[in-house]
Amino acid sequence: MKDSNNSLLVVKVCHPLSEESRRKIKQHFLSIAESLKTELVVCDDRMEVTIQSDMKPLMESMLKEQQKTNLLLASLIEAMADEDDMAERPQRTYLNGEPIL
């Protein structure tokens, strides 16, 4: 595989393949693999076509988003705590801004 971050298009066949059969299958699926930006692998065994992907980039992206969410939640909790402190203080002015005597 050229790039470790690429996905694989895996083609499995239910019987042993001759070199000619393998070449024809590769030729048939190569344009599909290129359009999906995947590497093509042809295997003997049962016929099955799947896309296998490296989960590391996805997990790293999810972790970064979770960290952002955690920071936002921490900020919200701090802001709510500050509001509670302000609510417990006695008011020093009326709503119109005049001082309470």
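The values are calculated or read from the model by the stated rules, or taken from the named source; none is laboratory data. Since this is a predicted model, take the numbers as computed values, not measurements. Every residue, glycine among them, receives a Cβ derived from its backbone with ideal geometry; neighbour counts consider all protein chains shown.
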Query raised in the report: Among (1) modelled with pLDDT of 85 or more; (2) closer than 30 Å to residue 101 by Cβ; (3) not acidic (Asp, Glu), where does residue 90 come up short?
Result: (1)
**Report entry** Close pairs (7 angstrom Cβ cut-off, 6 or more residues apart or separate chains): touching a residue at least 24 places away in the same chain (Cβ under 8 Å) in segment 23-40, part of a helix (DSSP H, G or I) and crowded, with 16+ Cβ neighbours inside 10 Å anywhere
**Finding:** 39/33; 40/29; 40/33
Query - Count of residues meeting criterion [more than 11 Å from the chain's Cα centre (by Cα) and either modelled with pLDDT under 85 or aliphatic (A, V, I, L, M) (or both)] in segment 55-80 - result: 8
